[in-house]
Amino acid sequence: MKGPLFYAKILLFGEYGIIKDSKGLAIPFNAYRGALKTSSNLSGDPKISNENLVRFYKHLASLDTELVSFNLNDLKTDIENGMYFDSSIPQGYGVGSSGALVASIYDKYADDKVTVLENLTREKLLKLKQVFSLMESFFHGKSSGLDPLNSYLSLPILINSKENIEPAGIPSQKQGKGAVFLLDSEQIGETEPMVNIFMNKMKNEGFRKMISEEFSTTTDACIEDFLGGNVKSLFGNVKSLSKIVLKNFKPMIPDAFHKVWENGIKSNDYYLKLCGSGGGGYILGFTEDYEKAQQSLKDYKLELVYRF
């Protein structure tokens, strides 16, 4: 058995903001992918994955919801026969490793599933997102359901609010100098502790005000610029966003990268922002001149995501 491929995702804009109902924009990232496979001789990573699937199966069996039902007998049998998730998506890197797994399990075992080929109304997208949120809560404690949604549909998704999501058309890539890239922190990040820090900060009135007045409005402006292809304005807004994040989300930025973050803002060679919940994994970079950014960050591993 070998299931269809499900891809990683990158939340270009909206990390943390989408928890509090501001806009977000997520795109599939095809450099990393995963698929369900079966082996009669499990060892190493496949064995660990299979053991995780046993626990995930129990989580799905315990869900008390009318939103979705699964063919649990087939799932249990396949796991017992050595099914595992074969994935190149790095875990704890903010690119949706658990999302791709959730999408693959839904695709194979959900009864009456919403398919990618049908007319994706807002109601259907919302239902999918709710189902994926329930499924993925096994991995993160609290999940928006967006990562699996992105992986399942393999489409850019615009999050207008919790109740309003839609597929988005993003401008086709150009062979210009500008780029979006990933910077590898070479540290594993864990989602749950980072989200807990954010939730604790949200108890502070000043922080809440900053989120609604500065962070969310700047994020929304970045999304509008990106979707509209307004590159000049985009970089001004991304620079502002990078400053806001450095000032207010320090615990989510690995200590070794505080200086690197500042240098980008000072030199204008690149601007950094969180990729996912932070705390490690990838950091997202934007630059008007990719070669210059590569030069400035020559001691680090970069991966190209999108060209302007």
> Ignoring any ligand, DNA or RNA, what whole percent of the accessible area of the range 1-66 comes from carbon and sulfur when the probe is 1.4 angstrom?
Replying inline: 46
> Is the range 154-207 best put as rounded, prolate or oblate by its Cα gyration tensor, with a ≥ b ≥ c the root eigenvalues, rounded for a/c under 1.5, and otherwise prolate when a/b is larger than b/c, oblate when not?
Replying inline: oblate
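Measure off, as a whole percent, the carbon and sulfur share of the 1.4 Å-probe accessible area of the range 163-308, all protein chains present.
Solvent-exposed carbon and sulfur of the range 163-308 make up 46 percent of the total.
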> Using a 1.4 Å probe, how large is the accessible area of L101, given in Å² and rounded to the nearest 10?
Replying inline: 20
>> Which of rounded, prolate or oblate describes the chain when judged by the alpha-carbon gyration tensor and an a/c cut-off of 1.5?
In response: prolate
> Rounded to the nearest 500, what is the chain's calculated 222 nm mean residue ellipticity when only DSSP H runs of at least 4 contribute -39500 (n - 2.57) each, over all residues?
Replying inline: -13500 deg cm²/dmol
> Which value, in Å², gives the accessible area per residue of the chain when a 1.4 Å probe is used on the protein heavy atoms?
Replying inline: 46
> Rounded, prolate or oblate: which fits the range 1-75, taking a ≥ b ≥ c as square roots of the Cα gyration tensor eigenvalues, rounded meaning a/c under 1.5, else prolate when a/b beats b/c?
Replying inline: oblate
> Carbon-plus-sulfur fraction of the accessible area of the range 98-151, 1.4 Å probe, in percent?
Replying inline: 49
>> Just to confirm the filter: which GluC sites (Glu not before Pro) across the range 1-96 are DSSP coil and have at most 13 other Cβ within 10 angstrom of their Cβ?
In response: E66
> Considering only S216, F6, T191, whose Cα is most displaced toward the positive end of the charge dipole of the chain, charges sitting on Cβ of Lys, Arg (+1) and Asp, Glu (-1)?
Replying inline: S216
> Between the range 267-292 and the range 133-158, what's the alpha-carbon centroid distance in Å?
Replying inline: 23
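Starting from the Cα-Cα distance between D184 and K301, subtract it from 0.36 nm times their residue separation and give me the gain in nm to one decimal.
41.6 nm
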> Under 22 Å from the Cα of K129, which lysines turn up, not counting those fewer than eight places away in the same chain?
Replying inline: K9, K20, K23, K58, K108, K113, K142, K162
> S88 to N73: extension gain in nm, 0.36 nm per residue of separation minus the Cα-Cα distance?
Replying inline: 2.6 nm
>> Just to verify a number: FRET efficiency for F207 and L117, C-beta to C-beta distance, R0 = 45 Å, to 0.05?
In response: 0.55
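The values are calculated or read from the model by the stated rules, or taken from the named source; none is laboratory data. Just so you know, these numbers come straight off a predicted model, no measurement behind them. Cβ: placed from backbone, ideal geometry, glycine included. Neighbour counts: every protein chain shown. The protein model used for the area step is the full one, side chains on, heavy atoms only, and it has no ligands, DNA or RNA in it. Shrake-Rupley method; radii C 1.70, N 1.55, O 1.52, S 1.80 Å.
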